[in-house]
1. Sticking with the crude label model, points 7 Å out along Cα→Cβ, report the distance from ASP208 to MET1 in nm, one decimal please.
2. Based on the Cα gyration tensor of the chain, what are the three equivalent ellipsoid semi-axes, each the root of five times an eigenvalue, rounded to whole Å and given largest first?
3. Could I have the simple spin-label model distance between ASP119 and ASP187, label points 7 Å from Cα toward Cβ, reported in nm to one decimal?
4. Once you compute Rg and the Kirkwood Rh from C-alpha atoms, what is the Rg to Rh ratio for the stretch 1-112?
5. Just how many % of Cα pairs in the stretch 174-278 lie over 15 Å apart, if you round to the nearest whole percent?
6. Ranked highest first by the average count of other Cβ atoms within 10 Å around their residues, in what order do 199-212, 57-70, 263-276 fall?
7. Distance between the C-alpha centers of the stretch 1-63 and the stretch 201-278? Whole Å please.
8. Choose one of PHE169, LEU107, CYS190: the residue whose Cα lies farthest towards the positive end of the charge dipole of the stretch 93-200 (beta-carbon charges +1 Lys, Arg; -1 Asp, Glu; about the Cα centre).
Amino acid sequence: MRVIRAAAAGACFGVQRALDLANQAAKDYPKVKSFGPLIHNPQVVAELAAAGVAPVDSVDDGYDGAIVIRSHGLGPAARATLDRPGIEVVDATCPHVLRAQQAAVKLAQTHGAVVVVGDPQHPEVNAILEYAEQAGGRVWAVDSPAHIPSDLPERVGVVVQTTQNREVFDSIVVALHDAAVETDIKDTICSATAQRQTAARELAGEVDAMVVIGGHNSSNTTRLYEICKAICTKTYHVETVSELNSVDFSSCETVGVTAGASTPESQIVPVEEYLERL
Ligand code: F3S
């Protein structure tokens, strides 16, 4: 069976940077925690915890040591709890996420109202909403055209979750205009997501089966799975190679491999090796 990796797949720049910063912090400081799971990848989070970088939801008053801020960023209220002697902040917020936070602040200051297009449950979106609110804006998170609030003012700033799907974003912008809401749009979608989606879409059309590797709790990996599944019915979303044991690839001559932006190389290679041995 021929195994083909998508032209763009696996850990993006922001995730790789967060992993490097966390691993370096584990060497530099005797005590290190990450504020929340560093990335949406259970195996990586477990490996980091074993190396001494365990995730915490908040920081005790008595804690002294380093804290790594994850790639999704942290809202201003939680960030403020880290501003005290004894705490060393290692900020692994992805620069693209930082750009979205800063754009939301500017839009809040300019228009007093900000729509964040993205998943309202996602920590990145929550942090962006908090920054915009702190800057004096009324805020809304919108994840589909059907969820556009009825109480929006005439003019709003719009910022986007970095990993948002472009078609969904475009459809929300159209729906805002249909609702006669004027928009000032800062397009903060990160190209890493789009590149992985385009490459996965292309590959899924050329192979007999697709394997998508990454956390089941990773929204960008799940989206890759959905894209591939719509094109190639034999598509499997796995976190580890052992999940492929029960899959029958006997009718396949080619299998494509892709991986979410939070999936490191160390999780992709074992899957490729397993498939090549079949
Ligand atoms: Fe950053 Fe884009 Fe990755 S926002 S964390 S480089 S998907």
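The numbers here are math on the coordinates, done by the rules we state, and not lab data. All of these numbers come straight from a predicted model, not from anything done at the bench. Because the Cβ atoms are built from the backbone with ideal geometry, glycine has one as well, and the counts that use them run over all protein chains shown.
1. So the label points at ASP208 and MET1 sit 0.8 nm apart.
2. 34, 28, 12
3. With each label placed 7 Å out from Cα toward Cβ, I get 2.3 nm.
4. 1.06
5. That fraction is 64 percent.
6. Result, highest mean Cβ count within 10 Å first: 199-212, 263-276, 57-70.
7. About 22 Å separates the Cα centre of the stretch 1-63 from the one of the stretch 201-278.
8. Checked the options; the winner is CYS190.
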